[in-house]
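The structure is given below, and queries will be raised subsequently.
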Amino acid sequence: MLERGSLPDTFWYTTKRKLLGPPLVNQDLGEQRLSKPLALGVLSPDGISSSAYGTEEILIALVPFVGLAAFSLLLPMTLVVLFVMVLVLLSYREIVMVYIRPGGSYVVARENFGPRVAQVCAVALLIDYVVTVAVQIAAGTAAVASAFPAVGRYKLEICVGVVLLMAFGNLRGLKEAGRSFAVPTYLFSGAVILMIVVGLIREIIGNLPVYHPATIHGAYHLGSSSDGLLSAAMIFILLRAFANGGASLTGIEAVSDAVGAFRPPEGRNARRVLMTEGAILGILIAGISWLAHATHATPRTAGYPTVLAQEAQYVFGHTFIGQVLFYAVQAATCLILYTGGNTSFNGFPFLTSYVAGDSFLPRWLLKRGHRLVFSNAIILLTISAVTLLIIKDADVNSLVPLYAIGVFTAFSMAGFGMARYHSRHRTPGWRRRLIINFSAGLLTLIVVGIFAVVKFTEGAWLVVVLFAILVPALIRLNHEYQAETDVLETISENQPPPPPHYSRRTVFVFVDHFDLATLAAMRYARSMRPTTIRAVHFVIDSVRADKLREKWTRADRGIPLDFIDVSDRRLTRAAAELVEREAADPSTHVTVVLPRRSYSALLGRLLHDRTADKIAAVVSRIPRSAATIVPYDVTSRVRVLQARQQAAKAAAANGDASAGQKVTARETDVAAKHGAPAAEPPAEPPGPVRGQVKGRKPGAPDGQGASKPGTPDGQRPSKWRRDDSESGTPAAVTPIGSLDTPGRAVVEGRIRVVEIKPVERNSVLACEISDNTGALTALFYGRSHIPGLVCGSRVRLRGTVGFRADGHPVMINPAYELLFPAL
């Protein structure tokens, strides 16, 4: 037996506990405030790491079409990208001063355009987070392959493994606020800035090597376009290059998503960190582009070695120190890219929780898991990112077209949202701020259009389709939630109507097998104290029905079993028709009790078709009816039975057989005393129910004083003799079917129906008992419930018998003795 309050852990919970560690309590959900240096290191990896592949993406768009001219066009294209970056930074500089709540662009759009329009921003950010994981992990793996080319052929496997490892760490409650997450940012920034400085010095002194792309094995083929800069083809090429370079700006909004995590004053500190991040990002983008221009580092079709790795090799050379610095740059690049990918495992769950809190996403995304993280959102992000990596074969260039549309859509929504904010509130300097934010919103909107056009055939079409599907889907989901809320939470301003009073309550127990699960359902049905209990079996197999009838009759549990033929095997329809007929009377309420045998989750799915759930769903839609499923845990009962069998074997081995015989004899005596056959004792030993139970005075309400049970006129009856009440001898008992004249009698039978009937301002408890010869109704005035007198109980009544007009015998306020209780 299990101790009170203790339950065995399931297999899945035990496995989860071993993998993820012990569960955390809500008090462990602490908040850590970030200093400016720590915030810069923790919040900037996603933005700063984008510089590792931004320049390479511009060259990939230019080299196959314009050849060596790509290295001349690289610098002006980089300047355009930096101009857009400056405008976006200025826009977000205003945002962090106004909105210190988490949520960033989504909160800005929601507060200024409403929750429905904000779903455009929500979808953009959700796509951005998923693609961020894929792009950052793929780029980080390319950095590893640049240092160790032999692993390049396994880049997809490495990417998937890293994503799964990140998911595992975040499910365990990995915190991004730790100092260790700030190390890659400073390590990468320092290593690349050192490379840029050394490269500039070597270029000035004239010993920086320059390579011709045609001599590099595996490089993109050099194009030879002769179109002018103003030709349509060249404009399209330049727009594609700019769109690729826009990937360098992804992630710079991360600071705005965590303003509340800064130390006070939050807005000012966040603004300083944001501008510092922008300055570092600008230096890195400009420096990497300049070195690519100077060395002619050319992207490879395999994706590695990367342009950044080639620059490090050219700048630091092949000396021992140069090789150490080269591997340091690659290690720093790999670390910051992986760390930047991990930021989505923090941002995506919180964004989904905000959107779900607004009822635009399923509410299971609001649930914190075993380690106080949004486990469902982490799993969803993992599945989406891994799927994307597999589809795109972990190729950065194939993923970039999916990347920047979502990012720049969020930029645009944030810029227009802040412009609307300034036009409404008009704080000092609002005109200048409005111009900055509106210009940023307009420019980034143009960039979104450029991406959608020039990258449409390369994968941007998928993002456009996702927008067209997800935004209406989120709004539709919100309509469903709102409709449910209106139904469930609407309370009338007037006094609520009184609860319905049903004079008759019928309980149907649907029986499929006669076993312990059915007995548990019957026990529960009796505990509801209904007017009528009926067991019902829907006949699909006549042979099986005959076996059930035989078992039911032999057990004699006191509840009649009805058999309803269902020739078309539509159980749910037959159940609904039965309930509808019974509930047609407005004064009748029907409850359907359905026993359900509960197995392990996997075994239950394989072996059972959840018929009880289907019937319950149909019955619950019928007025004045309800369905209750009574589960019976078969698995735990099997374990208990096995434990008992082992204990019995151990007792027999230790010579305890005699003690077992004494216990059996004692149980047999108890069963015989209560009228049960010794060979077939009751399922549960009855309680102390012997002895006369005295009724209340006629008309006395429940819970008040009672007189001894008596005749209809309230006179005290003669006391029962000892041999009548305790001997169990049925000599003085009159068969109900032989009652033909009024007078005093003693009858005995099983209660079939219990009904409460209102009479003027009081009530009458009517109990119909029956034996093998007939039925009799006992009326108890002033009572609505008598303990023990429920359907299935066996009682002995003594009093004056009268007859109704139809000849049915009746006793009014008889003395009663409970012989055998219900199950």
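I'd like the Karplus ³J(HN,Hα) series for the stretch 524-537: coefficients 6.51, -1.76, 1.60, θ = phi - 60°, whole numbers in Hz, and an x wherever there's a Gly or Pro.
5, 4, 5, 5, 7, 6, x, 6, 9, 10, 10, 8, 10, 10
Ok, one more. Amide H to amide H, which residues 5 or more places from Asp562 or on other chains are under 5 Å from it, using H placed in the peptide plane?
Ala535, Val536, His537
Then there's this: Just the number please: accessible area per residue for the stretch 40-83, 1.4 Å probe, all protein chains included, in Å². Mind dumping the intermediate values first?
Details: 1010 Å² over 44 residues.
I get 23 Å² per residue for this part.
Is the stretch 363-436 best put as rounded, prolate or oblate by its Cα gyration tensor, with a ≥ b ≥ c the root eigenvalues, rounded for a/c under 1.5, and otherwise prolate when a/b is larger than b/c, oblate when not?
On the way: a/c = 4.81, a/b = 1.64, b/c = 2.94.
Since a/c reaches 1.5 but b/c is at least a/b, the shape of the stretch 363-436 is classed as oblate.
Taking θ as phi - 60°, what are the ³J(HN,Hα) couplings along the stretch 208-215 by the Karplus curve (6.51, -1.76, 1.60), each to the nearest whole Hz, with x for Gly and Pro?
Here the 3J(HN,Hα) series is 7, x, 10, 10, 8, x, 5, 8 Hz.
Label-point separation (nm) for Leu156 and Arg263, each offset 7 Å from Cα along Cα-to-Cβ?
4.9 nm
Over the stretch 101-252, with the other protein chains present, what is the accessible area per residue in square angstrom, probe 1.4 angstrom? Write out the running numbers ahead of the final one.
Values: 6470 Å² over 152 residues.
Here the per-residue accessible area is 43 Å².
For the peptides 289-295, 276-282, what is the packing order when you average, over each peptide's residues, the other Cβ atoms within 10 Å and list the highest mean first? Please report the intermediate quantities before stating the final value.
On the way: 289-295: 22.6, 276-282: 19.7.
Going by the mean number of other Cβ atoms within 10 Å, highest first, we get 289-295, 276-282.
Assign one of three labels to the stretch 529-602, namely rounded, prolate or oblate, based on the Cα gyration tensor with a ≥ b ≥ c the square roots of its eigenvalues; rounded applies when a/c is under 1.5, prolate when it is not and a/b is larger than b/c, and oblate otherwise. Could the numbers behind the result be given before it?
On the way: a/c = 1.37, a/b = 1.26, b/c = 1.09.
In terms of gyration-tensor shape, rounded.
Check Gly223: other-chain or 5+ apart residues with amide H under 5 Å from its amide H, H built from backbone geometry?
For Gly223, the qualifying residues are Phe65, Val66, Gly67.
At a 1.4 Å probe, what is the % contribution of carbon and sulfur to the accessible area of the stretch 56-96? Each step should come with its number before you reach the end.
Details: 980 of 1200 Å².
Carbon and sulfur: 82 percent of the exposed surface of the stretch 56-96.
Same structure again: Quickly rank 374-380, 427-433, 321-327 as a protection proxy: mean count of other C-beta atoms within 10 Å, highest first.
Values: 374-380: 21.3, 427-433: 12.4, 321-327: 15.1.
Ranked from most to least packed, the peptides come out as 374-380, 321-327, 427-433.
If you average the alpha carbon positions of the stretch 333-384 and of the stretch 797-811, how far apart do those two centres end up, in angstrom?
After rounding, the separation between the Cα centres reads 73 Å.
Hey, with R₀ at 41 Å, roughly what FRET efficiency would Ser503 and His479 work out to, going by the Cβ-Cβ distance, to 0.05?
The pair Ser503/His479 has a calculated efficiency of 0.50.
Got a sec? What order do Ile235, Ile564 fall in by accessible area at 1.4 Å, biggest, i.e. largest, first?
Working: Ile235 75, Ile564 40 Å².
Correct descending sequence by accessible area is Ile235, Ile564.
Over the stretch 274-393, calculate the relative contact order: mean separation of alpha carbon pairs under 8 Å at least 6 apart, over the residue count, as a percent. It would help to have the intermediate numbers written out before the result.
Working: 67 pairs, mean separation 13.9, N = 120.
That works out to 12 percent.
After finding the eigenvalues of the alpha carbon gyration tensor for the stretch 413-460, what semi-axes result from the square roots of 5 times each, listed largest first in whole Å?
Numbers: eigenvalues 182, 14, 4 Å².
Calculated on Cα positions only, the semi-axes equal 30, 8, 5 Å.
Remind me, relative contact order of the stretch 67-186 in percent, using alpha carbon pairs under 8 angstrom and six or more residues apart? Walk me through the intermediate numbers first.
On the way: 34 pairs, mean separation 13.0, N = 120.
Relative contact order of the stretch 67-186: 11 percent.
Put a dot 7 Å past each Cα toward the Cβ at Ile391 and Ala233; how far apart are the dots in nm?
So the two model labels end up 3.2 nm from each other.
Report P(r) for the stretch 194-335: all Cα-Cα distances, bin width 5 Å, range 0 to the bin holding the largest distance, values in whole percent.
Calculated P(r), rounded to whole percents: 2, 8, 13, 16, 17, 15, 12, 9, 6, 3, 1, 0.
Based on the Cα coordinates of the stretch 114-169, what is the per residue volume of their convex hull in Å³?
Cα-based convex hull of the stretch 114-169, divided per residue, equals 86 Å³.
Sorted by packing (mean other beta-carbon atoms within 10 Å per residue), highest first, where do 798-805, 195-202 land?
Working: 798-805: 16.0, 195-202: 17.8.
Descending packing order for the listed peptides: 195-202, 798-805.
The values are calculated or read from the model by the stated rules, or taken from the named source; none is laboratory data. Since this is a predicted model, take the numbers as computed values, not measurements. Glycine gets a Cβ as well: all are built from the backbone with ideal geometry, and neighbour counts include every protein chain shown. For the accessible areas, the whole protein counts, side chains as well, though only heavy atoms, and no ligand, DNA or RNA atoms are used. Shrake-Rupley method; radii C 1.70, N 1.55, O 1.52, S 1.80 Å.
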